[in-house]
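Note sheet for the following structure.
Rule-based calculations on the coordinates, nothing more; no lab input. Here the structure is a predicted model, which means the values were calculated and not measured. Cβ: placed from backbone, ideal geometry, glycine included. Neighbour counts: every protein chain shown.
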Amino acid sequence: MNQTKPSGPRSVALVGPYLSGKTTLLESILSVTGRITRKGSVNDGNTVGDSSAEARARNMSVEVNAATTTYLGDEFTFLDCPGSIEFLQETHNALIGADAAVVVCEPDPARVLALAPLLKFLDDRAIPRILFVNKMDRATGQVGDLLESLQSVSHKPLVLRQLPIFDGETVTGYLDLASERAYRYKSGGPSEIVDIPDSVAERKDEARFEMLEKIADFDDDLMEDLLEDVEPSRDHVFADLSKELQEGQISPVMLGSAEADNGVRRLLKALRWEVPPAERAAKRVGVEADGGSTVAQVLKTYITPRGGKISLVRVWGGTVKDGMSLNGERVSGVFRMLGLQTEKLTEAHAGQIVGLGRLEGIATGDTLRPEKGGTELERAPRLPPVYSLTVAAANRSDEVKLSSAMAKLTDEDPSLSFEQNQDTQELVLWGQGDIHLRVAFDRLKNKYGLEVASRKPKVPYKEAIRKSTVQHGRFKRQTGGHGQFGDVHIEIKPLPRGGGFEFIDKVVGGVVPRQYIPAVEAGAREYLQKGPLGFPVVDVSVTLFDGQYHSVDSSEQAFKTAARIAMSEGLPKCDPVLLEPIYHVEIMVPNEYTAKVNNLVTTRRGQILNFEAREDWPGWDTVSAHMPQSEMHDLIVELRSLTLGVGTYKFEYDHLTPLTGRLADQVLAAAAAE
């Protein structure tokens, strides 16, 4: 079997948990390939990735950064993706446009669970991946134990490609199981070939056979060789590794230390030979990238202080040229990206990832074509929001600017959303966690000069009544000229929960003229906006059955006021009760944490409804529950703390339920204080 090297530009996403070292790996790759002359440091805030002010202030990635480089004549664009679960949407959006992913992790079995959601996303979309175990210079455990832990969260067979070589307790090199060569790391340069040390020689044959067994599961000829004790050729082994990675059948595991450039050149060689050509990914997303019609897709939107809007796009087919029209928008610049630095190009071809300038009407995920219409390519599903804070301009003069800035904010980060809550009259920003929203507030300040104030959103409590009453309301005022007169008799009754508002007209004999009856209904509705407990009143029936009028002094306003008087005097007699909103919540966690989640729900006044195996997620459960909205503000914070960051939930409003006792007293006292 001959191994043929893929050709053309390719894209590789660097993904993995927070602190695994993805940005450091990108910096090492760019240094090794000569794209940059001096390596930066995350701690020093001078890396190509993490180039925004918000990222550097936190020493963490908060958005995707793209960097294009060449290695031995092959063009690669690397997408450095955030590791924090709060910026997972950025990673998903970028992966849609990747030919393959390098999953970066630490040599710590206790942290491998954080890889589970990421590997599941790659599995569902058949995206090839290589696992790169970073920070091997700090490893303390056995690589076999680590591989076993990694396999527990990977549905694809993991194929260990290298064995670490130790000098005492320090990893000084590796044995490549495919080539059967040993290498010693060399600071600042390529690793040196050395004789296989005795410390790994005795493990080499067993580890190599395990590797061959795994790849032979997908190659009958290789399996036959193994059964007959025939040593396969190295070319056959390398060809199998390449083919099975490209087809998503295996996940190779490689070792190194990005900070010291250890193992990075070997990783690059594997990417050069084993990452599939761009045509395969184009076909995966539904595009025949045959050099014909132009098709591109937006992976990320940047709003830059000087260059304006830049859309990071994957060109799936054809050619994108400066000045051409895509989706009715004129391309104003084609750029090769190095973080947020840009290098102008005249055009980009199939397989490349480039920045396109000033596509104002284009959003992340959009499919771009010269002609209008055509099928939209699949975009990454939007993660459900799990955390919210109110937003208000610190300076009242900035309130008009705020809504425009918020629209740009959500354009740049589609996992953010905002709404004007009709019940509380608050502007609420939704996202994936507290850090996520704090980064958004920093962007408002850094990019748009907007200082904002934020706090925990109010809970939209309601109130209802539990008894009926009959009430008389009269409004009479005599001034110079015409006076004001309206007189109504109403019956107020509770409705079943969810019954809304009901107005019944039972007036006979014209005691209230027809033209004034809508005003009575309007007055009743108006009072219900804030009932005797201070909250909107729901599920009420009001019946107008009697009244009086004056031929000169009566008016719509007078009857509206009379109705308000009747409601204000009648509702306190109807035994009002506070209602709190209850959500239906589905919490998704590995089943080893199900018991802890059940306890978390009950301590937050939740009611467990049931739990069952999470569909298509082996080893995970879905816990369904009813939970008060007042208990959910920081639920995601505690849930992630319990589950090593992987637990999540989705929710929807379900119903209102009475709240009494001490908790109700606290709510009413807080409302009165406001």
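When Lys and Arg each count +1 and Asp and Glu each count -1, what net charge do the other residues less than 11 Å away from F475, Cβ to Cβ, add up to?
Taking every other residue near F475 into account, the sum is +3.
Just to verify a number: FRET efficiency for E228 and N395, C-beta to C-beta distance, R0 = 60 Å, to 0.05?
0.15
Under unit Cβ charges (Lys, Arg +1; Asp, Glu -1), what dipole magnitude, rounded to 20 debye, does the chain have relative to its Cα centre?
Around 3100 debye, computed over the chain.
Rank by packing, highest mean first: peptides 92-98, 594-600, with packing defined as the count of other Cβ atoms within 10 Å averaged across residues.
Averaged packing, sorted descending, gives the order 92-98, 594-600.
By a straight-distance test (C-alpha under 18 Å), which aspartates and glutamates pair with K5 as possible cross-link partners, with residues fewer than eight away in the same chain excluded?
Candidates past the 8-residue exclusion: D74, E75, D99, D235, D240, E244, E247, E274, E279.
Calculate for the chain the 222 nm mean residue ellipticity that helices alone would give, adding -39,500 (n - 2.57) per DSSP H run of length 4 or more and normalising by residue count, nearest 500 deg cm²/dmol.
Helix-only estimate at 222 nm: -8500 deg cm²/dmol.
Compute the distance in nm between two label points, each set 7 Å from the Cα along the Cα-to-Cβ direction, one at L663 and one at E247.
About 5.7 nm separates the two model spin labels.
Full-extension gain between K372 and Q422, please, as 0.36 nm times their residue separation minus the C-alpha to C-alpha distance.
14.3 nm
Which entries in K458/K650; K243/K269; K120/K283; K283/K408; K39/K269 show an alpha-carbon gap greater than 25 Å?
With Cα atoms farther than 25 Å apart: K283/K408.
List the equivalent ellipsoid semi-axes of region 387-453 in whole Å, largest first, each obtained as the square root of 5λ for an eigenvalue λ of the Cα gyration tensor.
Whole-Å semi-axes of the equivalent ellipsoid: 16, 15, 11.
Cβ neighbours within 10 Å, averaged per peptide: list 358-368, 606-616, 255-265, 419-429 in order, most packed at the top.
Working: 358-368: 18.5, 606-616: 13.0, 255-265: 23.6, 419-429: 14.7.
Output ranking for 358-368, 606-616, 255-265, 419-429: 255-265, 358-368, 419-429, 606-616.
Per 20 Å bin, what percent of the C-alpha pairs of the chain does each bin hold, from zero upward?
Distribution as computed: 16, 39, 27, 13, 5, 0 percent.
Rank the residues K344, K401 as a footprinting-exposure proxy: fewest other Cβ atoms within 10 Å of their Cβ go first.
K344, K401
Could you list D137, D487 so that the one with the fewest beta carbons within 10 Å of its beta carbon is first and the one with the most is last?
On the way: D137 16, D487 21.
Neighbour counts put them in this order, fewest first: D137, D487.
Would you compute the Debye intensity of region 580-673 from its alpha-carbon atoms alone, equal scatterers and no solvent, and pass along log10 I(q)/I(0) at q = 0.13, 0.23 Å⁻¹ to two decimals?
Normalising to I(0) and taking log10 leaves -0.46, -1.15.
Return a whole-number percent for the relative contact order of the chain, with Cα pairs under 8 Å and 6 or more residues apart as the contact set.
Reported as a whole number, the value is 10 percent.
With every atom except the alpha carbons ignored, what do you get for Rg and Dmax of region 59-130, in angstroms?
13.0, 39
Sort V15, V470 so the one with the fewest other Cβ atoms within 10 Å of its own Cβ comes first. Intermediate values should be presented prior to the final figure.
Values: V15 30, V470 15.
If I rank by nearby Cβ atoms, fewest first, I get V470, V15.
Taking K344 as the anchor, which lysines have their alpha carbon closer than 23 Å to its alpha carbon, excluding any fewer than eight residues away along the same chain?
K300, K309, K321
What net charge is computed for the residues neighbouring G355, neighbours being all others with C-beta under 12 Å from the C-beta of G355, Lys and Arg scored +1, Asp and Glu -1? Could you put the intermediate results ahead of the total?
Numbers: positive: K300, K309, R314, R336, K344, R358; negative: D322, E343.
The answer is +4.
Can you check what the net charge comes to around P82, using other residues whose Cβ is under 10 Å from the Cβ of P82 (Lys, Arg +1; Asp, Glu -1)?
So the environment of P82 carries a net charge of -4.
For S152 and S199 in one chain, what is 0.36 nm times their gap in residues minus the Cα-Cα distance, to one decimal in nm?
My answer for the length gained is 14.1 nm.
Give the relative contact order (percent, whole number) for region 288-368; include only Cα pairs under 8 Å separated by 6+ residues.
Normalised by residue count, the contact order of region 288-368 is 36 percent.
Based on the alpha-carbon gyration tensor of region 10-276, what equivalent-ellipsoid semi-axes (square roots of 5 times the eigenvalues) come out, in whole Å, largest first?
29, 21, 17
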